[in-house]
Amino acid sequence: MTLSVRGATIGDAEAIAAIYAHHVLHGTATYEVVPPTDDETVEKILTVTGRSWPFLVACDGSELVGYAYATQFRDRPAYAYACENSIYVAHDRRGRGIGKLLLKALLEAADAYGFRQMVAVIGGGEPASVALHGSCGFEHAGRLTGMGWKAGRWLDTVYMQIALGSGISTAPIAPGKD
């Protein structure tokens, strides 16, 4: 396995949509129940990259095997320095270090953008995702019980958080300029 990470392009939309569709239909990490279309995935890529936020893909040779992106945590201006991550790995490639490779690259890219905090909102409290984020320095920030109903059961949402750059020790510079 020869893994590399690069920025996502709209040409990656079909592969990204296929990876996500499996998680939507067979997992509890996302609370979506209908997979986005390829066109909706193109829009997502354009929205994220259009804001200069990081959207990364992991490839094994020419095969796209995972993706990760960061978006502003909430849309209000005071949240401009806080981001939320999303990471998904092809279902048949989990457990091979792809998620960790993507998360480490995403942390660097989000820091370079100027985000000062990254939050992981882990649907279903997925143990593998909690372990992944913990291994990269995220700390538990909270648990919301029974926030989603999917797969015939109530699901908790776990929040984890990590400081980026100088975190809250200094005033921020405009995002994208830090």
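Taken over the C-alpha atoms, segment 7-120 has Rg and Dmax values of 13.6, 40 angstrom. Given a 1.4 Å probe and the protein chains as shown, Arg143 ends up with an accessible area of around 120 Å².
Along each principal axis, taking the top coordinate minus the bottom one, the Cα set of segment 41-178 gives 43, 40, 29 Å in descending order. Placing unit charges on the Cβ atoms only, positive for Lys and Arg and negative for Asp and Glu, gives segment 1-123 a dipole magnitude near 540 debye about its Cα centre.
In the context of the full set of protein chains, the chain has a per residue accessible area of 52 Å² (1.4 Å probe). Partners of Lys100 within straight-line reach, counting aspartates and glutamates whose Cα lies under 17 Å from its Cα and excluding those fewer than 8 residues away in the same chain: Asp60, Glu84, Asp92, Glu108, Asp111, Glu126, Glu139. Which residue, Gly123, Gly95, Gly27, has the most motion in a Gaussian network model of the chain that connects Cα atoms within less than 10 Å? Sorting by GNM fluctuation, first place goes to Gly95. Within segment 50-136, antiparallel bridges make up roughly 75 percent of the DSSP beta bridges whose residues both belong there. If the viscosity is 0.890 mPa s and the temperature 25 °C, what translational diffusion coefficient in µm²/s does Stokes-Einstein give for segment 128-178 when Rh comes from Kirkwood over Cα pairs? Translational D for this selection: 182 µm²/s.
Overall, the accessible surface of the chain at a probe of 1.4 angstrom is composed of carbon and sulfur to the extent of 54 percent. Distance from the Cα centroid of segment 71-118 to that of segment 131-146 is 13 Å (rounded to whole angstrom). Think of segment 90-142 as having a plus end and a minus end, set by charges on the Cβ of Lys, Arg, Asp and Glu; of Ala105, Val130, Ala141, Ala105 sits farthest toward the positive end of this dipole.
The values are calculated or read from the model by the stated rules, or taken from the named source; none is laboratory data. Computed from a prediction, not measured in an experiment: that's the story for all the values here. Methodologically, a virtual Cβ is constructed for each residue, glycine included, from the backbone with ideal geometry; neighbour enumeration extends over all protein chains shown. Keep in mind that these areas ignore ligands, DNA and RNA; they rest on the heavy atoms of the full protein, side chains included. Shrake-Rupley method; radii C 1.70, N 1.55, O 1.52, S 1.80 Å.
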